[in-house]
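Following: one structure in structure tokens, then a few remarks.
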Amino acid sequence: MSVILKTDKLRVEFKSREFRQSPKVALSGLDLEVGTGEVFGFLGPNGAGKTTTINVLLGFVQPTSGAAALFGIDVRQPIARQRIGYLPEMTYYYKFLSAEELLRFYAKIFGLPRNETDKRIAQLLKLVELEHASKRQIKTYSKGMQQRVGLAQALINNPDLLVLDEPTSGLDPVGRMKVREIIQRLKNEGKTVFFASHELGEVETVCDRVAIISEGELKAIGRVSEIVAQHPSLEKAFLEVIGYKPQLA
């Protein structure tokens with residue numbers, strides 16, 4: 001299994017806004033490897049460094065030290081991101097567009113030919129189960145439907161790696177189930193999925209492996225079954241790994 005995503009001693013510091021305060025360390029020596037065809041869950045409490053890691057991979061944030069690579073190419077080179085799709089936690093689309101118009105817009109950005117665009121849009125609308133609403137304005141969509149059109153947008157260029165930031169955040173149980181089913185279909189197609197989440201139930205269901213970070217440091221990595229071996233659930237394992245101590249009355 002070849003490595004698609006790799007970080008090596010990745011460190012990110014942000015300057016403090018307060019005078020003479022030390023920089024804030026967002027990531028400290030993060031080592032990750034994600035292989036072809038894996039569904040990899042990236043877990044951690046709020047502020048742990050998940051989104052910072054994704055921002056480094058996408059070229060939005062420069063590492064202070066260490067390295068990160070996609071498909072063996074340093075992420076500081078734009079060509080490294082030609083084969084990825086990305087869904088942010090908060091999607092901002094032109095709400096007056098329909099799903100079909102939105103996907104056509106992104107297809108033009110990627111330079112897809114017209115005949116290929118039509119075929120790809122039809123495939124994606126079927127995948128995310130939005131054929132019936134393809135001509136409706138996105139502003140009329142539920143939260144779950146908007147998230148699914150976001151997934152379709154992230155897949156328009158047929159990427160080999162899909163990066164998702166909290167893909168089920170704010171969704172109801174039906175919405176989460178649909179996103180989970182889409183991720184499973186992508187895995188069956190041989191796609192690699194890397195997603196940050198705090199929805200432990202979703203992660204436990206769909207992921208091959210997971211990494212848990214807290215305060216910018218990698219605390220655990222491995223197959224879900226390995227991490228929960230000594231615990232009744234991933235939630236219990238997660239809380240222990242990050243050092244959470246319940247406040248007893």
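Output the number of residues of the range 132-147 satisfying the condition of being open to solvent by 20 Å² or more (accessible area, probe 1.4 Å) and assigned to a helix (DSSP H, G or I). Total satisfying the criteria: 6. Among the residues of the range 15-61, the one identified as touching a strand residue (DSSP E or B) at 6+ places or on another chain (Cβ under 7 Å), open to solvent by 70 Å² or more (accessible area, probe 1.4 Å) and modelled with pLDDT of 90 or more is 33. Residues that are closer than 17 Å to residue 35 by Cβ and either aromatic (Phe, Trp, Tyr) or assigned to a loop (DSSP other than H, G, I, E, B) (or both) within the range 206-236 comprise 207, 208, listed in sequence order. Checked against (1) among the hydroxyl-bearing types (Ser, Thr, Tyr); (2) under 25 Å from residue 209 (Cα atoms); (3) surrounded by fewer than 16 Cβ atoms within 10 Å (Cβ to Cβ), residue 86 passes all but condition (3).
Every condition in (1) closer than 30 Å to residue 235 by Cα; (2) outside any helix (DSSP H, G or I); (3) open to solvent by 10 Å² or more (accessible area, probe 1.4 Å) is met by residue 92 except one, and the failing one is (1). Just checking, does the range 161-170 include any residue being open to solvent by 70 Å² or more (accessible area, probe 1.4 Å) and not aromatic (Phe, Trp, Tyr)? No: the range 161-170 contains no residue that is open to solvent by 70 Å² or more (accessible area, probe 1.4 Å) and not aromatic (Phe, Trp, Tyr). Just one residue in the set 203, 163, 193 is modelled with pLDDT under 90 and either outside any loop (DSSP other than H, G, I, E, B) or among the hydrophobic types (A, V, I, L, M, F, W, C) (or both); that residue is 203.
Residue-wise test of (1) closer than 14 Å to residue 144 by Cβ; (2) open to solvent by less than 10 Å² (accessible area, probe 1.4 Å); (3) aromatic (Phe, Trp, Tyr).
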{"residue": "181", "(1), (2), (3)": "yes, no, no"}
{"residue": "186", "(1), (2), (3)": "no, yes, no"}
{"residue": "190", "(1), (2), (3)": "no, no, no"}
{"residue": "210", "(1), (2), (3)": "no, yes, no"}
{"residue": "215", "(1), (2), (3)": "no, no, no"}
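The values are calculated or read from the model by the stated rules, or taken from the named source; none is laboratory data. Keep in mind the model is a prediction, meaning the values are calculated, not measured. Positions of Cβ are generated from backbone atoms using ideal geometry, with glycine treated the same way; all protein chains shown enter the neighbour counts. These area figures cover heavy atoms from the full protein model, side chains too; ligands, DNA and RNA do not enter into them. Shrake-Rupley method; radii C 1.70, N 1.55, O 1.52, S 1.80 Å.
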